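The values are calculated or read from the model by the stated rules, or taken from the named source; none is laboratory data. Model, not experiment: these values are computed from the prediction. Cβ atoms come from the backbone with ideal geometry, glycine included; neighbour counts cover every protein chain shown. Heavy atoms of the whole protein, side chains included, go into the accessibility calculation; ligands, DNA and RNA do not. Shrake-Rupley method; radii C 1.70, N 1.55, O 1.52, S 1.80 Å.
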Amino acid sequence: MGGTPALGATPVLLEHATLIDGTGAAPVADSAILVRDGRVASVGRDGTFAVPAGARRVDLAGLTVLPGLISDHSHTGLVKGTRDDAANYTRDNILAQMRQYARYGVLDVVSLGLNTSPLFDRLRAEQHAGRNPGADLFGVDQGIGAPDGVPPQGMFHLGPDQIYRPTTPDEARAAVDRMADEGTDLVKIWVDDFRNGVPGAKGYPKIDPAIYRAAIDQAHKRGLRVAAHIHDLADAKALVAAGADIIAHGVRDQPVDPDFIMLMEQKGAWYIATLDLDEANYVFAQHPEWLDDPFLSAGLDPALRAQFADPAWRARILAAPLTAASRKALAINQRNLATLYRAGIRIGFGTDSGASATRIPGFAEHRELKLTVAAGLTPLQAITLATGQAAALMRWDDRGTVQPGKWADLLVVAGDPARDIAAVDRIAQVWHRGVRTEGALVAQ
(Lines give C-alpha, C1' and ligand atoms only; values in the text may rest on other atoms or scores of the structure.)
Protein backbone atom coordinates (compact mmCIF):
# COMPACT_ATOMS: atom_id res chain seq x y z
CA MET A 1 0.00 0.00 0.00
CA GLY A 2 1.33 3.38 -0.90
CA GLY A 3 -1.07 5.37 1.28
CA THR A 4 -4.64 6.48 0.85
CA PRO A 5 -5.38 6.89 -2.89
CA ALA A 6 -5.75 10.45 -4.11
CA LEU A 7 -9.18 11.67 -5.12
CA GLY A 8 -9.70 11.21 -8.83
CA ALA A 9 -7.55 8.09 -9.05
CA THR A 10 -8.54 5.73 -11.84
CA PRO A 11 -11.55 3.62 -10.84
CA VAL A 12 -11.00 -0.14 -10.78
CA LEU A 13 -13.57 -2.81 -11.61
CA LEU A 14 -12.92 -6.20 -10.04
CA GLU A 15 -15.11 -8.56 -12.04
CA HIS A 16 -16.18 -12.18 -12.43
CA ALA A 17 -15.29 -13.10 -8.82
CA THR A 18 -17.31 -15.00 -6.25
CA LEU A 19 -18.05 -12.55 -3.44
CA ILE A 20 -18.27 -13.24 0.29
CA ASP A 21 -19.27 -9.82 1.56
CA GLY A 22 -18.73 -10.27 5.34
CA THR A 23 -22.38 -9.78 6.30
CA GLY A 24 -23.07 -13.49 6.63
CA ALA A 25 -24.92 -13.61 3.32
CA ALA A 26 -24.31 -16.53 0.99
CA PRO A 27 -21.53 -16.15 -1.58
CA VAL A 28 -22.54 -14.56 -4.89
CA ALA A 29 -20.97 -15.86 -8.08
CA ASP A 30 -19.88 -13.68 -11.01
CA SER A 31 -19.81 -10.51 -8.93
CA ALA A 32 -18.38 -7.12 -9.74
CA ILE A 33 -16.91 -4.56 -7.35
CA LEU A 34 -16.25 -1.01 -8.47
CA VAL A 35 -13.55 0.72 -6.45
CA ARG A 36 -13.10 4.48 -6.54
CA ASP A 37 -10.91 6.69 -4.32
CA GLY A 38 -10.04 3.76 -2.08
CA ARG A 39 -13.63 2.79 -1.31
CA VAL A 40 -16.22 0.42 -2.68
CA ALA A 41 -18.43 2.46 -5.01
CA SER A 42 -20.77 -0.26 -6.30
CA VAL A 43 -21.30 -3.98 -5.80
CA GLY A 44 -23.46 -6.34 -7.83
CA ARG A 45 -23.57 -8.96 -10.50
CA ASP A 46 -21.53 -8.21 -13.59
CA GLY A 47 -23.44 -5.77 -15.79
CA THR A 48 -25.88 -4.55 -13.11
CA PHE A 49 -24.36 -1.10 -12.59
CA ALA A 50 -22.69 1.57 -14.70
CA VAL A 51 -18.93 1.42 -15.03
CA PRO A 52 -17.10 4.73 -15.57
CA ALA A 53 -15.33 5.17 -18.88
CA GLY A 54 -11.64 4.48 -18.47
CA ALA A 55 -12.04 2.22 -15.44
CA ARG A 56 -9.32 -0.40 -15.15
CA ARG A 57 -10.76 -3.89 -15.29
CA VAL A 58 -9.30 -6.76 -13.26
CA ASP A 59 -10.55 -10.23 -14.15
CA LEU A 60 -10.93 -12.37 -11.02
CA ALA A 61 -12.64 -15.34 -12.64
CA GLY A 62 -12.16 -18.47 -10.55
CA LEU A 63 -11.26 -16.46 -7.45
CA THR A 64 -13.17 -15.46 -4.32
CA VAL A 65 -13.17 -11.96 -2.83
CA LEU A 66 -13.81 -11.45 0.89
CA PRO A 67 -13.20 -8.49 3.19
CA GLY A 68 -9.75 -8.08 4.64
CA LEU A 69 -9.46 -9.94 7.93
CA ILE A 70 -9.65 -8.04 11.23
CA SER A 71 -8.03 -8.96 14.53
CA ASP A 72 -9.83 -7.54 17.56
CA HIS A 73 -7.10 -8.87 19.86
CA SER A 74 -3.42 -8.77 18.96
CA HIS A 75 -0.27 -7.12 20.28
CA THR A 76 2.46 -5.13 18.57
CA GLY A 77 6.08 -4.40 19.36
CA LEU A 78 6.45 -7.01 22.09
CA VAL A 79 8.34 -9.73 20.22
CA LYS A 80 11.39 -9.85 18.02
CA GLY A 81 12.91 -13.20 17.13
CA THR A 82 12.03 -15.52 19.98
CA ARG A 83 11.92 -13.05 22.87
CA ASP A 84 9.50 -10.59 24.45
CA ASP A 85 11.26 -7.45 25.62
CA ALA A 86 10.61 -3.74 26.03
CA ALA A 87 13.60 -3.16 23.72
CA ASN A 88 11.48 -4.57 20.88
CA TYR A 89 9.02 -1.70 21.12
CA THR A 90 10.42 0.31 18.22
CA ARG A 91 8.95 2.04 15.22
CA ASP A 92 10.74 -0.28 12.78
CA ASN A 93 9.61 -3.45 14.54
CA ILE A 94 5.98 -2.39 14.81
CA LEU A 95 5.82 -1.28 11.18
CA ALA A 96 7.42 -4.56 10.09
CA GLN A 97 4.65 -6.39 11.94
CA MET A 98 2.00 -4.22 10.29
CA ARG A 99 3.43 -5.14 6.88
CA GLN A 100 3.41 -8.82 7.81
CA TYR A 101 -0.24 -8.70 8.86
CA ALA A 102 -1.14 -7.12 5.52
CA ARG A 103 0.75 -9.77 3.57
CA TYR A 104 -1.52 -12.36 5.18
CA GLY A 105 -4.62 -10.29 4.37
CA VAL A 106 -5.14 -9.02 7.93
CA LEU A 107 -5.78 -5.34 7.29
CA ASP A 108 -6.95 -4.04 10.68
CA VAL A 109 -5.23 -4.83 13.96
CA VAL A 110 -6.32 -3.91 17.49
CA SER A 111 -3.21 -3.96 19.68
CA LEU A 112 -4.84 -4.74 23.00
CA GLY A 113 -2.46 -3.19 25.54
CA LEU A 114 1.21 -3.06 26.56
CA ASN A 115 1.84 -0.19 24.18
CA THR A 116 4.10 2.78 24.82
CA SER A 117 2.95 6.36 24.35
CA PRO A 118 3.63 8.55 22.49
CA LEU A 119 5.11 6.13 19.91
CA PHE A 120 1.96 4.03 19.72
CA ASP A 121 -0.23 7.11 19.37
CA ARG A 122 1.90 8.47 16.52
CA LEU A 123 1.93 5.17 14.64
CA ARG A 124 -1.80 4.70 15.10
CA ALA A 125 -2.40 8.14 13.53
CA GLU A 126 0.02 7.39 10.69
CA GLN A 127 -1.62 4.06 9.87
CA HIS A 128 -5.07 5.66 9.94
CA ALA A 129 -3.78 8.19 7.40
CA GLY A 130 -2.20 5.49 5.23
CA ARG A 131 1.29 6.97 5.53
CA ASN A 132 3.05 3.61 5.88
CA PRO A 133 2.54 0.23 4.25
CA GLY A 134 0.72 -2.36 6.30
CA ALA A 135 -2.39 -2.92 8.36
CA ASP A 136 -4.33 -0.12 10.01
CA LEU A 137 -3.61 0.10 13.74
CA PHE A 138 -5.91 0.58 16.72
CA GLY A 139 -5.72 -0.39 20.35
CA VAL A 140 -5.18 0.18 24.04
CA ASP A 141 -2.31 2.41 25.04
CA GLN A 142 -1.07 0.62 28.18
CA GLY A 143 -3.71 -1.25 30.16
CA ILE A 144 -4.11 -2.15 33.83
CA GLY A 145 -2.73 -5.17 35.69
CA ALA A 146 -2.08 -6.24 39.26
CA PRO A 147 1.08 -5.21 41.10
CA ASP A 148 3.50 -8.16 40.78
CA GLY A 149 0.82 -9.85 38.71
CA VAL A 150 -0.26 -10.47 35.15
CA PRO A 151 1.20 -9.78 32.65
CA PRO A 152 4.28 -11.14 34.48
CA GLN A 153 7.26 -8.82 34.39
CA GLY A 154 9.75 -11.68 34.21
CA MET A 155 8.00 -13.28 31.26
CA PHE A 156 7.37 -10.19 29.15
CA HIS A 157 10.26 -7.92 30.27
CA LEU A 158 7.97 -4.92 30.10
CA GLY A 159 9.06 -1.34 30.43
CA PRO A 160 7.59 0.82 33.22
CA ASP A 161 5.57 2.80 30.66
CA GLN A 162 3.90 -0.24 29.04
CA ILE A 163 1.39 -1.07 31.78
CA TYR A 164 -0.19 0.55 34.82
CA ARG A 165 -0.31 -1.44 38.06
CA PRO A 166 -2.51 0.63 40.41
CA THR A 167 -2.69 -0.23 44.10
CA THR A 168 -5.85 1.78 44.88
CA PRO A 169 -9.12 2.61 43.10
CA ASP A 170 -8.01 6.24 42.79
CA GLU A 171 -4.80 5.17 41.06
CA ALA A 172 -6.87 3.02 38.70
CA ARG A 173 -9.08 6.00 37.83
CA ALA A 174 -6.01 8.13 37.20
CA ALA A 175 -4.56 5.45 34.90
CA VAL A 176 -7.78 5.36 32.90
CA ASP A 177 -7.71 9.15 32.62
CA ARG A 178 -4.16 9.09 31.27
CA MET A 179 -5.09 6.50 28.64
CA ALA A 180 -8.21 8.45 27.72
CA ASP A 181 -6.19 11.63 27.33
CA GLU A 182 -3.79 9.78 25.02
CA GLY A 183 -6.67 8.77 22.76
CA THR A 184 -6.85 5.06 23.57
CA ASP A 185 -9.56 3.17 21.68
CA LEU A 186 -10.38 0.90 24.64
CA VAL A 187 -9.26 0.21 28.21
CA LYS A 188 -7.72 -3.20 28.98
CA ILE A 189 -7.72 -5.01 32.32
CA TRP A 190 -5.89 -8.26 33.10
CA VAL A 191 -7.68 -10.51 35.61
CA ASP A 192 -5.85 -13.82 35.66
CA ASP A 193 -3.32 -15.72 37.75
CA PHE A 194 -1.53 -17.33 34.75
CA ARG A 195 -1.82 -20.83 36.18
CA ASN A 196 -3.19 -21.73 32.75
CA GLY A 197 -4.68 -24.96 34.02
CA VAL A 198 -1.31 -26.47 34.91
CA PRO A 199 -1.68 -28.66 38.04
CA GLY A 200 0.35 -27.31 40.93
CA ALA A 201 1.36 -24.10 39.16
CA LYS A 202 2.05 -21.28 41.61
CA GLY A 203 0.43 -18.47 39.66
CA TYR A 204 0.37 -14.72 40.26
CA PRO A 205 -1.83 -12.46 42.40
CA LYS A 206 -5.00 -11.26 40.72
CA ILE A 207 -6.05 -7.65 40.60
CA ASP A 208 -8.30 -6.47 43.44
CA PRO A 209 -11.96 -6.34 42.27
CA ALA A 210 -12.30 -2.88 43.87
CA ILE A 211 -9.55 -1.68 41.54
CA TYR A 212 -10.98 -3.15 38.37
CA ARG A 213 -14.46 -1.92 39.26
CA ALA A 214 -13.06 1.60 39.64
CA ALA A 215 -11.28 1.31 36.29
CA ILE A 216 -14.44 0.12 34.54
CA ASP A 217 -16.49 2.89 36.11
CA GLN A 218 -13.99 5.57 35.12
CA ALA A 219 -13.65 4.22 31.59
CA HIS A 220 -17.38 4.43 31.10
CA LYS A 221 -17.40 7.98 32.46
CA ARG A 222 -14.78 8.83 29.82
CA GLY A 223 -16.85 7.19 27.07
CA LEU A 224 -14.55 4.20 26.72
CA ARG A 225 -15.33 0.50 26.70
CA VAL A 226 -13.35 -2.07 28.67
CA ALA A 227 -11.80 -5.31 27.39
CA ALA A 228 -10.93 -7.87 30.05
CA HIS A 229 -8.28 -10.57 29.85
CA ILE A 230 -9.57 -13.67 31.62
CA HIS A 231 -9.03 -17.43 31.74
CA ASP A 232 -11.63 -18.68 34.22
CA LEU A 233 -15.41 -18.61 34.10
CA ALA A 234 -15.72 -17.09 37.59
CA ASP A 235 -13.62 -14.10 36.60
CA ALA A 236 -15.53 -13.65 33.34
CA LYS A 237 -18.82 -13.58 35.26
CA ALA A 238 -17.51 -11.09 37.82
CA LEU A 239 -16.15 -8.76 35.16
CA VAL A 240 -19.26 -8.76 33.00
CA ALA A 241 -21.34 -8.14 36.12
CA ALA A 242 -19.04 -5.19 36.91
CA GLY A 243 -19.60 -3.73 33.45
CA ALA A 244 -16.74 -5.06 31.30
CA ASP A 245 -17.80 -4.69 27.67
CA ILE A 246 -15.56 -7.25 25.99
CA ILE A 247 -14.32 -10.61 27.24
CA ALA A 248 -11.02 -10.65 25.42
CA HIS A 249 -10.17 -14.36 25.73
CA GLY A 250 -12.33 -17.44 25.77
CA VAL A 251 -13.33 -19.14 29.01
CA ARG A 252 -10.95 -22.10 29.27
CA ASP A 253 -11.30 -23.71 32.69
CA GLN A 254 -14.81 -25.17 32.39
CA PRO A 255 -17.92 -25.09 30.20
CA VAL A 256 -19.88 -21.87 30.23
CA ASP A 257 -23.22 -22.13 32.01
CA PRO A 258 -26.68 -20.60 31.52
CA ASP A 259 -25.95 -17.91 34.10
CA PHE A 260 -22.98 -16.64 32.10
CA ILE A 261 -24.90 -16.74 28.85
CA MET A 262 -27.78 -14.80 30.42
CA LEU A 263 -25.36 -12.25 31.89
CA MET A 264 -23.61 -11.73 28.55
CA GLU A 265 -26.96 -11.29 26.85
CA GLN A 266 -28.32 -8.88 29.46
CA LYS A 267 -25.19 -6.73 29.41
CA GLY A 268 -24.72 -6.87 25.64
CA ALA A 269 -21.08 -7.88 26.14
CA TRP A 270 -18.83 -9.11 23.34
CA TYR A 271 -16.68 -12.26 23.39
CA ILE A 272 -13.37 -13.01 21.66
CA ALA A 273 -12.28 -16.66 21.87
CA THR A 274 -8.56 -16.42 20.84
CA LEU A 275 -8.42 -20.17 20.15
CA ASP A 276 -4.95 -19.91 18.62
CA LEU A 277 -3.50 -18.67 21.92
CA ASP A 278 -3.37 -22.15 23.47
CA GLU A 279 -2.69 -24.08 20.27
CA ALA A 280 0.34 -21.89 19.56
CA ASN A 281 1.93 -23.14 22.80
CA TYR A 282 2.62 -26.54 21.23
CA VAL A 283 1.51 -26.85 17.60
CA PHE A 284 4.86 -25.97 16.02
CA ALA A 285 6.59 -28.62 18.09
CA GLN A 286 3.92 -31.08 17.01
CA HIS A 287 4.24 -30.25 13.30
CA PRO A 288 7.87 -29.77 12.24
CA GLU A 289 6.78 -30.54 8.67
CA TRP A 290 5.01 -27.18 8.62
CA LEU A 291 8.45 -25.62 8.15
CA ASP A 292 8.24 -26.80 4.54
CA ASP A 293 5.08 -24.75 3.99
CA PRO A 294 5.85 -21.37 2.37
CA PHE A 295 2.71 -19.93 3.94
CA LEU A 296 4.24 -20.34 7.41
CA SER A 297 7.83 -19.69 6.37
CA ALA A 298 6.92 -16.24 5.08
CA GLY A 299 6.04 -15.19 8.63
CA LEU A 300 9.01 -16.69 10.45
CA ASP A 301 11.93 -14.75 11.84
CA PRO A 302 15.14 -16.78 11.25
CA ALA A 303 15.67 -17.27 14.98
CA LEU A 304 12.12 -18.55 15.41
CA ARG A 305 12.52 -20.89 12.46
CA ALA A 306 15.69 -22.28 14.00
CA GLN A 307 13.83 -22.84 17.27
CA PHE A 308 11.02 -24.74 15.54
CA ALA A 309 13.58 -26.88 13.70
CA ASP A 310 15.42 -27.85 16.91
CA PRO A 311 14.50 -31.42 17.97
CA ALA A 312 15.47 -30.69 21.57
CA TRP A 313 13.11 -27.70 21.70
CA ARG A 314 10.28 -29.74 20.21
CA ALA A 315 10.78 -32.57 22.69
CA ARG A 316 10.89 -30.16 25.62
CA ILE A 317 7.69 -28.40 24.54
CA LEU A 318 5.75 -31.60 23.94
CA ALA A 319 6.75 -32.93 27.38
CA ALA A 320 5.93 -29.70 29.24
CA PRO A 321 2.92 -29.65 31.59
CA LEU A 322 1.70 -26.51 29.82
CA THR A 323 1.22 -28.47 26.59
CA ALA A 324 -1.23 -30.94 28.13
CA ALA A 325 -3.05 -28.04 29.82
CA SER A 326 -3.14 -26.07 26.57
CA ARG A 327 -4.69 -28.96 24.65
CA LYS A 328 -7.41 -29.22 27.29
CA ALA A 329 -7.93 -25.45 27.33
CA LEU A 330 -8.30 -25.34 23.55
CA ALA A 331 -10.95 -28.07 23.59
CA ILE A 332 -12.92 -26.25 26.31
CA ASN A 333 -12.51 -22.93 24.48
CA GLN A 334 -13.83 -24.41 21.24
CA ARG A 335 -16.80 -25.96 23.00
CA ASN A 336 -17.61 -22.66 24.71
CA LEU A 337 -17.31 -20.71 21.48
CA ALA A 338 -19.83 -23.00 19.80
CA THR A 339 -22.18 -22.80 22.80
CA LEU A 340 -22.07 -19.00 22.92
CA TYR A 341 -22.43 -18.68 19.16
CA ARG A 342 -25.53 -20.86 19.15
CA ALA A 343 -26.91 -18.81 22.05
CA GLY A 344 -26.65 -15.63 19.98
CA ILE A 345 -23.92 -13.94 22.02
CA ARG A 346 -22.02 -11.25 20.12
CA ILE A 347 -18.66 -12.65 19.08
CA GLY A 348 -15.67 -10.97 17.47
CA PHE A 349 -12.37 -12.35 16.25
CA GLY A 350 -8.83 -12.28 17.59
CA THR A 351 -5.82 -14.45 18.34
CA ASP A 352 -3.48 -12.70 20.79
CA SER A 353 -0.98 -12.72 17.92
CA GLY A 354 2.21 -10.86 18.69
CA ALA A 355 1.99 -11.46 22.46
CA SER A 356 4.56 -14.24 22.28
CA ALA A 357 6.87 -15.51 19.56
CA THR A 358 4.75 -18.51 18.60
CA ARG A 359 1.62 -16.40 18.04
CA ILE A 360 2.73 -15.33 14.60
CA PRO A 361 1.20 -12.16 13.13
CA GLY A 362 -1.01 -13.02 10.17
CA PHE A 363 -0.48 -16.77 10.30
CA ALA A 364 -2.25 -16.90 13.66
CA GLU A 365 -5.39 -15.35 12.18
CA HIS A 366 -5.52 -18.03 9.50
CA ARG A 367 -5.14 -20.71 12.17
CA GLU A 368 -7.94 -19.07 14.15
CA LEU A 369 -10.30 -19.44 11.21
CA LYS A 370 -9.55 -23.16 10.93
CA LEU A 371 -9.89 -23.70 14.69
CA THR A 372 -13.20 -21.85 14.63
CA VAL A 373 -14.50 -24.20 11.96
CA ALA A 374 -13.18 -27.18 13.94
CA ALA A 375 -15.20 -25.85 16.89
CA GLY A 376 -18.39 -26.39 14.90
CA LEU A 377 -19.04 -23.14 13.03
CA THR A 378 -19.35 -23.23 9.26
CA PRO A 379 -16.58 -21.66 7.16
CA LEU A 380 -18.93 -18.81 6.22
CA GLN A 381 -19.76 -18.19 9.87
CA ALA A 382 -16.05 -18.12 10.76
CA ILE A 383 -15.28 -15.67 7.96
CA THR A 384 -18.14 -13.44 9.11
CA LEU A 385 -16.70 -13.35 12.64
CA ALA A 386 -13.31 -12.31 11.22
CA THR A 387 -14.75 -9.54 9.05
CA GLY A 388 -18.17 -8.00 9.61
CA GLN A 389 -18.51 -9.09 13.22
CA ALA A 390 -14.95 -8.09 14.12
CA ALA A 391 -15.68 -4.61 12.74
CA ALA A 392 -18.98 -4.45 14.64
CA LEU A 393 -17.19 -5.24 17.91
CA MET A 394 -15.05 -2.14 17.36
CA ARG A 395 -18.10 -0.12 16.26
CA TRP A 396 -16.55 0.55 12.86
CA ASP A 397 -18.95 1.41 10.07
CA ASP A 398 -16.36 1.99 7.34
CA ARG A 399 -14.82 -1.49 6.99
CA GLY A 400 -15.39 -5.19 7.58
CA THR A 401 -17.86 -5.78 4.75
CA VAL A 402 -17.79 -5.32 0.97
CA GLN A 403 -20.52 -2.72 0.60
CA PRO A 404 -20.77 0.72 -1.02
CA GLY A 405 -19.03 3.40 1.01
CA LYS A 406 -16.73 1.00 2.88
CA TRP A 407 -12.97 0.95 2.46
CA ALA A 408 -11.95 -1.37 -0.35
CA ASP A 409 -9.98 -3.70 1.94
CA LEU A 410 -10.13 -7.02 0.13
CA LEU A 411 -8.59 -10.48 0.38
CA VAL A 412 -8.70 -12.42 -2.88
CA VAL A 413 -8.17 -16.18 -2.65
CA ALA A 414 -8.21 -19.19 -4.96
CA GLY A 415 -10.94 -21.70 -4.32
CA ASP A 416 -14.10 -21.54 -2.25
CA PRO A 417 -13.44 -20.69 1.43
CA ALA A 418 -17.18 -20.93 2.17
CA ARG A 419 -16.85 -24.68 1.58
CA ASP A 420 -13.20 -25.25 2.51
CA ILE A 421 -11.76 -22.78 5.03
CA ALA A 422 -8.23 -23.79 4.03
CA ALA A 423 -8.79 -21.81 0.83
CA VAL A 424 -8.14 -18.60 2.81
CA ASP A 425 -4.46 -19.59 2.72
CA ARG A 426 -4.41 -19.59 -1.08
CA ILE A 427 -3.96 -15.84 -1.34
CA ALA A 428 -4.06 -14.46 -4.89
CA GLN A 429 -4.20 -10.72 -4.13
CA VAL A 430 -4.62 -8.27 -1.26
CA TRP A 431 -6.17 -4.84 -1.80
CA HIS A 432 -5.89 -2.21 0.93
CA ARG A 433 -7.94 0.96 0.53
CA GLY A 434 -8.37 0.21 -3.13
CA VAL A 435 -4.69 -0.33 -3.87
CA ARG A 436 -3.28 -3.76 -4.61
CA THR A 437 -0.56 -4.32 -2.05
CA GLU A 438 2.97 -5.39 -2.81
CA GLY A 439 4.43 -8.41 -1.06
CA ALA A 440 1.19 -10.29 -0.45
CA LEU A 441 1.65 -14.02 0.14
CA VAL A 442 0.51 -15.07 -3.32
CA ALA A 443 -0.10 -18.83 -3.45
CA GLN A 444 2.26 -20.78 -5.66
Every residue in region 95-127 that is farther than 23 Å from residue 295 by Cβ and among the hydrophobic types (A, V, I, L, M, F, W, C), please. 110, 112, 114, 119, 120, 123, 125
Read through the list (1) basic (Lys, Arg); (2) farther than 26 Å from residue 151 by Cα; (3) in contact with a Phe, Trp or Tyr (Cβ under 7 Å, 6 or more places away or on another chain), then give the number of the only condition that residue 103 fails. (3)
The correct count of residues that are aliphatic (A, V, I, L, M), assigned to a loop (DSSP other than H, G, I, E, B) and within 20 Å of residue 74 (Cα to Cα) in region 368-408 is 1
Within region 212-241, the count of residues that are aliphatic (A, V, I, L, M) and more than 23 Å from residue 110 (Cα to Cα) comes to 5
Answer residue from region 416-444, given it is modelled with pLDDT under 95 and of a type in the set (Gly, Ala, Ser) and is surrounded by the most Cβ atoms within 10 Å (Cβ to Cβ) among those: 440
In region 193-230, how many are open to solvent by 30 Å² or more (accessible area, probe 1.4 Å), over 12 Å from residue 242 (Cα atoms) and not in a loop (DSSP other than H, G, I, E, B)? 1
Quick one: which of 113, 159, 154 is closer than 20 Å to residue 353 by Cα and either in contact with a strand residue (DSSP E or B) (Cβ under 8 Å, 6 or more places away or on another chain) or β-branched (Val, Ile, Thr) (or both)? 113
Going residue by residue through region 163-173, is there one that turns out to be basic (Lys, Arg), surrounded by 24 or more Cβ atoms within 10 Å (Cβ to Cβ) and either outside any helix (DSSP H, G or I) or in contact (Cβ under 8 Å) with a residue 24 or more places away in the chain (or both)? no
Being in contact with a His (Cβ under 9 Å, 6 or more places away or on another chain) and not acidic (Asp, Glu) narrows it down to one residue among 248, 201, 214; which is it? 248
Of the residues in region 243-254, those that are of a type in the set (D, E, K, R) and surrounded by fewer than 21 Cβ atoms within 10 Å (Cβ to Cβ) come to 253
The one condition residue 352 fails out of (1) under 14 Å from the mean Cα position of the chain (by Cα); (2) modelled with pLDDT under 95; (3) acidic (Asp, Glu) is (2)
Based on this model, can you work out whether residue 79 counts as over 20 Å from residue 302 (Cα atoms) and either among the β-branched types (Val, Ile, Thr) or touching a strand residue (DSSP E or B) at 6+ places or on another chain (Cβ under 6 Å) (or both)? no
Can you give me the ranges of the helices (runs of 4 or more DSSP H) entirely in region 255-367 with at least 2 residues that are open to solvent by 60 Å² or more (accessible area, probe 1.4 Å) and in contact (Cβ under 8 Å) with a residue 40 or more places away in the chain? 321-342
Return the residue satisfying two criteria in turn: it lies in region 174-192 and is in contact with a Pro (Cβ under 9 Å, 6 or more places away or on another chain) and surrounded by fewer than 19 Cβ atoms within 10 Å (Cβ to Cβ), and of such residues it is nearest to residue 123 (Cα to Cα). 182
Here are some conditions: (1) open to solvent by 20 Å² or more (accessible area, probe 1.4 Å); (2) under 20 Å from the mean Cα position of the chain (by Cα). Residue 412 meets all but one. Which one does it not meet? (1)
So, in region 368-400, of the ones that are surrounded by 24 or more Cβ atoms within 10 Å (Cβ to Cβ) and either over 15 Å from the mean Cα position of the chain (by Cα) or among the hydroxyl-bearing types (Ser, Thr, Tyr) (or both), which residue ends up nearest to residue 328 (Cα to Cα)? 372
Return a yes/no flag: does region 135-150 have any residue that is touching a Ser or Thr at 6+ places or on another chain (Cβ under 7 Å) and among the acidic types (Asp, Glu). yes
With the checklist (1) surrounded by 17 or more Cβ atoms within 10 Å (Cβ to Cβ); (2) outside any loop (DSSP other than H, G, I, E, B); (3) out of contact with any Pro (no Cβ under 6 Å at 6 or more places or on another chain); (4) not aromatic (Phe, Trp, Tyr) in hand, flag the one item residue 100 doesn't pass. (3)
Would you mind finding the one in 85, 92 that is touching a residue at least 40 places away in the same chain (Cβ under 8 Å) and farther than 20 Å from residue 434 by Cβ? 85
